[in-house]
1. For the stretch 73-89, does any single residue satisfy the condition of being touching a residue at least 24 places away in the same chain (Cβ under 8 Å) and of a type in the set (S, T, Y)?
2. Just wondering, is there one or more residues in the stretch 117-134 that are under 28 Å from G24 (Cβ atoms) and without any contact (Cβ under 8 Å) to a residue 12 or more places away in the chain?
3. Among helices (runs of 4 or more DSSP H) lying entirely in the stretch 21-100, which contain 2 or more residues that are open to solvent by 80 Å² or more (accessible area, probe 1.4 Å) and at pLDDT 95 or above?
4. When you look at F85, is it aromatic (F, W, Y) and under 13 Å from M13 (Cα atoms), yes or no?
5. Scan the stretch 101-113 for residues that are open to solvent by 60 Å² or more (accessible area, probe 1.4 Å) and not in a loop (DSSP other than H, G, I, E, B) and report the count.
6. I'd like the full set of residues that are farther than 16 Å from L148 by Cβ and out of contact with any Phe, Trp or Tyr (no Cβ under 8 Å at 6 or more places or on another chain), limited to the stretch 75-98.
7. Which is open to solvent by 40 Å² or more (accessible area, probe 1.4 Å) and small (G, A, S), of A138, A122, A118, A126?
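The values are calculated or read from the model by the stated rules, or taken from the named source; none is laboratory data. Everything numeric here is computed off the predicted structure, so don't read it as measured data. Because the Cβ atoms are built from the backbone with ideal geometry, glycine has one as well, and the counts that use them run over all protein chains shown. These area figures cover heavy atoms from the full protein model, side chains too; ligands, DNA and RNA do not enter into them. Shrake-Rupley method; radii C 1.70, N 1.55, O 1.52, S 1.80 Å.
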Amino acid sequence: MPPDATETKRRLMQAAVDEFARYGLAGARVDRIAETARANKRSIYMHFGTKEELFDLVVGGSLLELAEAVAFDAADLPGYAGELFTLLESRPHVRRLTLWAALERPQPIDAEVAAYRAKIDALEAARTAGRIRSDIPAVELLAMVLALVTSWDTASWSLKALHADAPGDRRAAVEAAVAGLVHGVSSAA
């Protein structure tokens, strides 16, 4: 009977998460992933396909874990943003993976698209019910909320240096910014 590949696949995925988060797609090395996982390089291709396919699996899997860990409530986007912010603070590798993916794989990932579609549908229902502003399309509103959640991560190091002495409560700031965005008044009004 052949050995169970489950443990090898688990080790390979964990090594791939670490490798891609650190080096991105272009800088990651399949040899290092295999070595870290104590597996042979051939097993990566056998279980996951190409390096690009493995990267997409890693990014998609990480984002799905986030989606499952943080409940989305279109009526409480500030709370959602705060929870997502806190979770990302404990999982910096996910932030790095999404930044690498945006730079190196500018194409949709099916699993991520499906997760976003459900959120967009919920936002549309909340807009129709008048619980959130209706002057910003749901897709753009979600993009803005997510940008606020990760705004400190993508801020210039020079800007961050100005805030070094007064860190404050970033989660509260994110929640307040999202509340203002979601419930703000249209500039056309």
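1. Checked the stretch 73-89: at least one residue is touching a residue at least 24 places away in the same chain (Cβ under 8 Å) and of a type in the set (S, T, Y).
2. There is at least one residue in the stretch 117-134 that is under 28 Å from G24 (Cβ atoms) and without any contact (Cβ under 8 Å) to a residue 12 or more places away in the chain.
3. 30-37
4. For F85, the condition - aromatic (F, W, Y) and under 13 Å from M13 (Cα atoms) - is not met.
5. Qualifying residue count for the region: 3.
6. Correct list: A75, S90, R91, P92, H93, V94, R96.
7. Answer to the check: A118.
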